[in-house]
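Have a look at the structure below before the remarks.
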Amino acid sequence: MSVRIRKKMVSKKRLNVVGLFFAFLALSISYTKELAGSNYEQLMNRLSQSANDSLLMAIVFILILVYQKRLRNTIFERKNVLFLVLGSVASLVYVLTLSVNQNANANLTGKINILVTLVAMVGMAYLFSHLFLLLSNACERINIQRFDIKYSYIVISIVIIWFIQIFPLFPGMVSWDGYRQFVEYFHTHISYLNFTYYPTSHHPWASTLIFGFLFSIGRFVGGTNMGLFTIVLVQVLVAALIYGKIVQYIGNKVGKIPAVVTYLFYVSPFVAFWQVTIEKTPLFIAFTAWFVLSFLKIVLNDYVDKGYFEYFQLIISSILMSAFRNDGAYIVFLSLIVLVLLKSKQAKAFAKNASIVLIVFVITYLSWMKVALPAMNVVAGSTGETITIPMRQLSSVVIHDKKSLNKKDLETIDRITPLDKVKQYYNVDQADNLKSLFPVNSFLRGNEEIKELQSGRFKKTANKQIKKETKDYEVLWIKEFFVHPKIYIITFFQANSQFLNPLADNDPSSRGIMYGNGYMLNNKFLQPSWFGQVHNWTSEKSRKYITWPNILFKLPFIRTILQPAFTLWCVLFSIVYAIYKKSYLVIAILPIFLLTMVPLLSPVNGYERYMLPAMYVMPLLYMILAMISSKNLKDKFVL
């Protein structure tokens with residue numbers, strides 16, 4: 001062995017020792033709520049781990065040492081630089097979210113606090129880098145096999161197992177958003193407010209029309225409750241058909257164990273109970289899963305003949321996905337553009353088919369948005385729905401450094417979010433109150449907001465003046481970033497801590513699942529005319545323990561994998577691993593990646609519903625990883 005190689009080995013060993021030292025310190029650091037006084041008090045405050053946390057961190061450190069002994073290469077190898085970069089990014093996100101989640105000033109103010117936080121970043125970067133390297137080594141051991149099972153068996157068994165779990169909630173649980181869609185569809189008149197609901201695209205009007213149509217058919221056949229059950233039945237059948245196809249496809253591609261795990265996931269209460277919830281989410285998730293599956297098949301060129309049927313499915317799924325959530329169109333559009341570019345590189349014939357899909361989708365979407373909706377007098381949703389992150393960031397500037405804003409800037413802000421109400425309505429984790437200050441209100445959450453709409457305080461649609469004021473607000477938001485970058489960054493991480501950090505979990509208990517309609521009894525402003533006819537088909541006794549899934553959701557490991565940020569981290573690792581293996585299947589991950597980005601712009605921190613579409617297609621992501629790492633397919637997907 002040459003002297004040069006020996007020196008490199010010694011240097012890497014030393015780096016590992018330093019990394020282990022920082023990792024040990026990082027595991028000892030806590031993130032506090034209160035800012036301590038002196039430097040010594042700050043240091044002691046940051047090293048105040050509980051006994052349980054201390055024991056857990058000691059176990060983690062021992063496992064790291066054992067792993068180090070068995071590892072053939074280190075994170076400091078040149079070939080592993082991508083995992084080092086990913087680990088560093090993960091550390092930055094992890095430490096910053098924990099630092100600002102309780103109190104930004106307590107962990108990022110003062111020299112000692114900043115130094116401790118930087119030490120935590122270095123140590124956690126070392127830990128996460130090795131974690132990702134360990135996962136990449138584990139991927140190398142995946143064996144590809146073929147497992148065939150009859151599609152009809154999968155679908156029928158999924159439906160039966162779902163029904164066994166959710167029948168006490170029949171005819172269905174209508175969410176707040178679901179009732180809002182119903183009152184718009186039926187133009188419900190609220191007599192005590194003298195207010196009649198009108199059609200809006202606050203929720204996609206296409207989905208509202210579909211729900212209203214299905215409900216009307218069911219009600220015609222068997223009354224109000226049959227109308228609700230008709231929607232549930234359609235949701236169950238559509239979802240079972242799509243998820244069953246995913247189970248079968250995964251079995252065909254990567255084997256029995258992945259197929260069984262995927263099947264168990266889809267029959268679990270985490271999926272089953274959403275099928276009895278009446279709103280746009282269940283069908284949106286199902287159509288999203290269909291789109292991702294079709295997209296993946298076309299990226300893999302996994303079809304017979306010229307793949308016309310697969311391209312047809314891609315068109316239909318992309319249109320339906322966009323019809324059930326407003327941001328679905330952006331995900332579809334960006335994904336299809338990249339697909340066209342990929343197919344252009346592979347073959348002209350492939351590019352032609354992909355281009356046709358893109359053109360058909362764009363024409364359909366624009367025709368619906370620009371022609372059909374105006375023709376039906378559907379009122380556009382409020383812009384306030386889309387700028388909740390900018391609103392929180394600028395409001396944070398107003399609250400923490402109002403003196404830095406000149407008179408003109410304050411006037412600009414006041415037109416969008418009245419200054420006298422900003423502090424009262426500001427909540428970094430929940431922006432619904434803040435966005436209700438926007439001059440155009442399509443949310444209408446209660447009696448007062450409806451009265452303000454009637455009085456003229458709120459507008460149905462944005463006129464030229466409001467559009468100009470909104471543009472001025474957005475320009476000011478960009479300008480203030482360069483003045484208050486720290487406030488902007490802290491606010492962003494606070495607003496998305498539970499979407500970014502798997503350990504920043506406020507224990508939402510039910511994971512967004514509904515177990516009853518009782519919440520609507522006092523919300524008379526949102527009750528359709530037939531609300532009094534809604535009742536459960538089963539006895540109260542049968543629903544006594546209906547919240548049993550909450551116990552399952554609290555169990556170790558299960559709680560972690562159902563936390564929204566866990567999905568984001570899995571997607572980021574998959575992208576880096578695909579690049580590391582030089583596989584073009586990184587493109588197949590694009591729609592899933594975009595699905596994990598959407599929640600970062602949402603108004604509610606950590607709300608599972610926003611991340612569910614990405615969570616439900618995780619089995620396909622794991623299948624992609626298996627195909628990338630398979631020795632049998634090692635050269636098939638190389639760029």
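The values are calculated or read from the model by the stated rules, or taken from the named source; none is laboratory data. If you're wondering where the values come from, they're calculated on a predicted model, not measured in any experiment. Neighbour counts are summed over all protein chains in view; Cβ atoms, including those assigned to glycine, are modelled from backbone coordinates with ideal geometry. Note: areas computed on protein heavy atoms with side chains; ligands, DNA, RNA excluded. Shrake-Rupley method; radii C 1.70, N 1.55, O 1.52, S 1.80 Å.
Anything in the stretch 129-162 that is over 19 Å from ARG78 (Cβ atoms), of a type outside the set (A, V, I, L, M), in contact with a Ser or Thr (Cβ under 8 Å, 6 or more places away or on another chain) and open to solvent by less than 70 Å² (accessible area, probe 1.4 Å)? List them, or say none.
CYS139
Give the stretch 303-318 a look and list any residue that's in contact (Cβ under 8 Å) with a residue 40 or more places away in the chain and within 20 Å of LEU620 (Cβ to Cβ), or say none.
Those that are in contact (Cβ under 8 Å) with a residue 40 or more places away in the chain and within 20 Å of LEU620 (Cβ to Cβ): GLY307, TYR311, LEU314, ILE315, SER318.
Looking only at the stretch 479-490, count every residue that is open to solvent by 90 Å² or more (accessible area, probe 1.4 Å) and part of a helix (DSSP H, G or I) and tell me the total.
2
Find the residue count for the stretch 491-516, including only residues that are over 16 Å from PRO603 (Cα atoms) and crowded, with 19+ Cβ neighbours inside 10 Å.
Total meeting the criteria: 6.
Counting only residues that are open to solvent by less than 50 Å² (accessible area, probe 1.4 Å) and outside any helix (DSSP H, G or I), which one in the stretch 370-404 is farthest from ASP472 (Cα to Cα)?
VAL378
Yes/no per residue for (1) surrounded by 14 or more Cβ atoms within 10 Å (Cβ to Cβ); (2) not in a helix (DSSP H, G or I):
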residue	(1), (2)
SER294	yes, no
ASP305	no, yes
ILE315	yes, no
LYS343	yes, no
PHE350	yes, no
ILE363	no, no
TRP368	yes, no
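In the stretch 334-352, which residues are under 25 Å from LEU595 (Cα atoms), of a type in the set (S, T, N, Q) and more than 30 Å from the chain's Cα centre (by Cα)?
Listed by number, the list holds a single entry, SER344.
Taking the residues in the stretch 215-230 that are closer than 16 Å to HIS535 by Cβ and of a type in the set (A, V, I, L, M) as candidates, determine which candidate is surrounded by the most Cβ atoms within 10 Å (Cβ to Cβ).
LEU228
Checking LYS471 against (1) under 18 Å from HIS202 (Cβ atoms); (2) loosely packed, with under 15 Cβ neighbours inside 10 Å, only one condition comes out false. Which one?
Looking at each condition in turn, LYS471 falls short on (1).
Would you confirm whether or not the stretch 357-375 contains a residue that is farther than 29 Å from LEU600 by Cα and touching a Lys or Arg at 6+ places or on another chain (Cβ under 6 Å)?
no
Would you check if SER442 is touching a residue at least 12 places away in the same chain (Cβ under 8 Å), assigned to a loop (DSSP other than H, G, I, E, B), hydroxyl-bearing (Ser, Thr, Tyr) and surrounded by 16 or more Cβ atoms within 10 Å (Cβ to Cβ)?
Yes.
Would you say PHE593 is crowded, with 21+ Cβ neighbours inside 10 Å and within 25 Å of LEU296 (Cβ to Cβ)?
In short, no.
Within the stretch 238-247, is even one residue free of Cβ contacts under 8 Å to residues at least 12 places away in the same chain and open to solvent by 10 Å² or more (accessible area, probe 1.4 Å)?
The answer is no, given that none of the residues of the stretch 238-247 is free of Cβ contacts under 8 Å to residues at least 12 places away in the same chain and open to solvent by 10 Å² or more (accessible area, probe 1.4 Å).
Which of the residues spanning the stretch 517-546 are touching a residue at least 24 places away in the same chain (Cβ under 8 Å), open to solvent by 40 Å² or more (accessible area, probe 1.4 Å) and among the aromatic types (Phe, Trp, Tyr)?
Listed by number, the residues that qualify are TYR519, TRP537.
Would you mind telling me which numbered condition in (1) modelled with pLDDT under 95; (2) among the aromatic types (Phe, Trp, Tyr); (3) surrounded by 21 or more Cβ atoms within 10 Å (Cβ to Cβ) TYR607 fails?
Evaluating TYR607 over (1) modelled with pLDDT under 95; (2) among the aromatic types (Phe, Trp, Tyr); (3) surrounded by 21 or more Cβ atoms within 10 Å (Cβ to Cβ) leaves (3) as the failure.
GLY255 versus (1) open to solvent by 10 Å² or more (accessible area, probe 1.4 Å); (2) within 16 Å of PRO619 (Cβ to Cβ): which is the lone unmet condition?
In the conditions (1) open to solvent by 10 Å² or more (accessible area, probe 1.4 Å); (2) within 16 Å of PRO619 (Cβ to Cβ), GLY255 misses (1) alone.
If you scan the stretch 525-553, which residues turn out to be in a helix (DSSP H, G or I) and under 21 Å from GLY223 (Cα atoms)?
Hits for the stretch 525-553 are LEU526, PHE531, GLY532, GLN533.
Working carefully through the options LEU503, LEU476, find the one that is under 30 Å from the mean Cα position of the chain (by Cα), of a type outside the set (D, E, K, R) and in a loop (DSSP other than H, G, I, E, B).
LEU503
Restricted to the stretch 445-468, and to residues that are within 13 Å of GLY384 (Cβ to Cβ) and free of Cβ contacts under 8 Å to residues at least 60 places away in the same chain, which residue is surrounded by the most Cβ atoms within 10 Å (Cβ to Cβ)?
For the stretch 445-468, the residue satisfying everything is PHE458.
Name the pairs: first residue in the stretch 385-407 and without any contact (Cβ under 8 Å) to a residue 24 or more places away in the chain, second residue in a helix (DSSP H, G or I) and open to solvent by 20 Å² or more (accessible area, probe 1.4 Å), Cβ to Cβ under 8 Å, at least 6 apart or on different chains?
That search, which allows pairs on different chains as well, returns LYS402/LEU410.
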